[in-house]
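To start, the structure under review is shown below, and the notes come after it.
The values are calculated or read from the model by the stated rules, or taken from the named source; none is laboratory data. What you see is a predicted model, and the numbers here were worked out from it, not measured in a lab. All Cβ positions, glycine included, derive from the backbone under ideal geometry; neighbour counts span all protein chains shown.
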Amino acid sequence: MNPDRALMPDYLRLIALFGIVVVNVQFFAYSISISDETAPAVSIADQITKFLVEGLATLKSYGLFSFMFGVGLGFLMASAERRSIDFGPLYRRRMIGLLILGFLHGTLFFYGDILFIYGLMGSLLYLMRNWSVRRLTRMGTILLVASVGIGSLLMLGEGGIPQEFLDLEAVVMTEGSFFDVFLFRSVSFAIVVFLLIFIQGIAALGWFCLGLAAVKAGIIDQPDHPIWAKARSIALIPSVALSLIGAGMTVWGDMTVGQFIVAAAAPLATLGYLGLIAQLSRHPGPITQKLLAVGGSSLSIYLGQSILLSLIFAPYGLGLWEQVGLATAELIAVSVTIALIMALSLWRLKFRLGPFEWVLRRFTYGRAQKNGAS
């Protein structure tokens with residue numbers, strides 16, 4: 001590993017991948033009505049699991065991943081400048097590539113895909129690429145506050161998922177073929193993607209701005225910068241404690257109030273996590289170094305998680321949909337991620353990029369790829 005390479009992004013990617021999968025697995029293993037009070041947290045083990053996932057991971061892991069997207073834009077701009085590549089067409093192809101991958105991911109495997117949203121919101125970020133650090137920080141903060149307000153209004157809205165839709169889901173996810181599941185997921189994705197623009201998209205753009213600001217300010221290369229220490233000391237403990245209180249209410253009390261508290265605490269908790277991860281971002285030993293290298297293949301791991309979890313829970317695979325408790329589902333999710341990390345470690349002994357990183361890179365750079373652009 002290059003000793004001059006910023007290590008914080010690699011730590012962020014690796015940790016975020018585990019946070020994302022423990023949140024996402026619920027939407028593979030159970031009904032689309034998972035957010036309702038019928039969510040599978042029956043046993044004590046399941047209830048504790050749900051409490052921990054809601055309190056420690058929900059809305060925070062996506063924040064970390066989104067922050068890294070903004071960081072990635074900063075790195076991509078610097079790379080294009082070093083290699084005298086026109087950044088506009090380069091970035092446009094990258095966003096189109098994300099939109100295509102997101103669409104395929106959302107319709108084939110996971111209707112809650114985030115790549116499509118990243119492609120949309122990332123296109124808006126391009127318009128902010130030349131903004132100052134102060135302006136990016138201000139806009140990021142405004143967007144994060146707005147996302148909490150909008151999300152709260154959506155949670156208070158009346159109406160739910162029609163019972164006919166849930167009945168169809170039960171048939172498709174227990175007896176359907178691959179094509180049946182594909183059609184159902186396609187419809188679900190078309191509906192969910194518009195909600196995600198407001199629930200996750202606005203927050204994602206806020207984190208994009210903050211990630212780009214971190215690169216421009218140079219603090220992404222300085223894990224010992226005072227701002228990360230302030231994030232740990234001011235934001236981490238109070239916000240995580242508040243999030244755990246909200247998670248407790250979600251599982252054992254008023255679910256609506258609990259979810260609001262979790263959503264409200266998420267931006268500060270994510271900021272606290274960034275400070276904590278910065279503290280961990282020291283030069284790694286040989287084993288950690290290999291794991292961090294795999295973090296550079298986060299796109300392949302993210303999509304691989306969905307492919308494997310779909311095969312495990314869908315009827316065309318092992319058919320475990322609503323057949324296991326939440327604690328078991330989470331254990332499966334973590335095991336799948338560890339298996340993918342091990343597989344990618346072996347893959348990268350021979351190949352520099354993960355398979356989906358290679359696809360996106362080829363699409364992004366086109367002919368410039370042969371010149372070694374990175």
Single residue of Val257, Val262 found to be among the β-branched types (Val, Ile, Thr), in a helix (DSSP H, G or I), crowded, with 18+ Cβ neighbours inside 10 Å and touching a helix residue (DSSP H, G or I) at 6+ places or on another chain (Cβ under 6 Å): Val262
Count of segment 319-345 residues which are part of a loop (DSSP other than H, G, I, E, B) and surrounded by fewer than 19 Cβ atoms within 10 Å (Cβ to Cβ): 6
Condition met for Leu205 (under 29 Å from Leu144 (Cα atoms), in a helix (DSSP H, G or I) and modelled with pLDDT of 85 or more): yes
Residue in segment 60-80 that is of a type outside the set (A, V, I, L, M, F, W, C), free of Cβ contacts under 8 Å to residues at least 40 places away in the same chain and surrounded by fewer than 22 Cβ atoms within 10 Å (Cβ to Cβ) present: no
Among (1) among the aromatic types (Phe, Trp, Tyr); (2) part of a helix (DSSP H, G or I); (3) within 17 Å of Leu303 (Cα to Cα) - the single one Tyr91 does not satisfy: (3)
Qualifying residue in segment 295-306 (condition: over 17 Å from the mean Cα position of the chain (by Cα), outside any loop (DSSP other than H, G, I, E, B) and either of a type in the set (Gly, Ala, Ser) or at pLDDT below 90 (or both)): no
Residue that is surrounded by fewer than 19 Cβ atoms within 10 Å (Cβ to Cβ), touching a Pro at 6+ places or on another chain (Cβ under 9 Å) and not small (Gly, Ala, Ser), where the choices are Val181, Val145, Val187, Val172: Val145
Scope segment 173-186; condition without any contact (Cβ under 8 Å) to a residue 60 or more places away in the chain and aliphatic (A, V, I, L, M); matching residues: Leu183
Close pairs from segment 96-109: first closer than 16 Å to Tyr365 by Cβ, partner outside any helix (DSSP H, G or I), Cβ under 6 Å, at least 6 apart: none
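Okay, residues lined up against (1) out of contact with any helix residue (DSSP H, G or I) (no Cβ under 9 Å at 6 or more places or on another chain); (2) among the aromatic types (Phe, Trp, Tyr); (3) over 24 Å from Ile219 (Cα atoms); (4) in a helix (DSSP H, G or I):
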site	(1), (2), (3), (4)
Leu101	no, no, yes, yes
Gly112	no, no, yes, no
Phe116	no, yes, yes, yes
Arg129	no, no, no, no
Leu136	no, no, no, yes
Glu164	yes, no, yes, yes
Asp167	yes, no, yes, yes
Asp180	no, no, yes, yes
Leu183	no, no, yes, yes
Test: residue in segment 218-236 that is at pLDDT below 95, surrounded by fewer than 19 Cβ atoms within 10 Å (Cβ to Cβ) and under 30 Å from Lys350 (Cα atoms): yes
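Condition check ((1) under 30 Å from Leu311 (Cα atoms); (2) modelled with pLDDT under 95; (3) surrounded by 15 or more Cβ atoms within 10 Å (Cβ to Cβ); (4) among the polar types (S, T, N, Q)) across all residues:
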{"residue": "Met139", "(1), (2), (3), (4)": "no, no, yes, no"}
{"residue": "Met155", "(1), (2), (3), (4)": "no, yes, yes, no"}
{"residue": "Glu158", "(1), (2), (3), (4)": "no, yes, no, no"}
{"residue": "Gln163", "(1), (2), (3), (4)": "yes, yes, no, yes"}
{"residue": "Gly176", "(1), (2), (3), (4)": "yes, yes, yes, no"}
Some residue of segment 113-124 being of a type in the set (Val, Ile, Thr), under 28 Å from Gln259 (Cα atoms) and either in contact with a Ser or Thr (Cβ under 9 Å, 6 or more places away or on another chain) or touching a residue at least 60 places away in the same chain (Cβ under 8 Å) (or both): yes
Any hit, segment 60-83, residues being in a loop (DSSP other than H, G, I, E, B) and under 16 Å from the mean Cα position of the chain (by Cα): yes
Residue selected from segment 182-192 under the condition more than 17 Å from Gln26 (Cα to Cα) and of a type in the set (Val, Ile, Thr), by the criterion farthest from the chain's Cα centre (by Cα): Val187
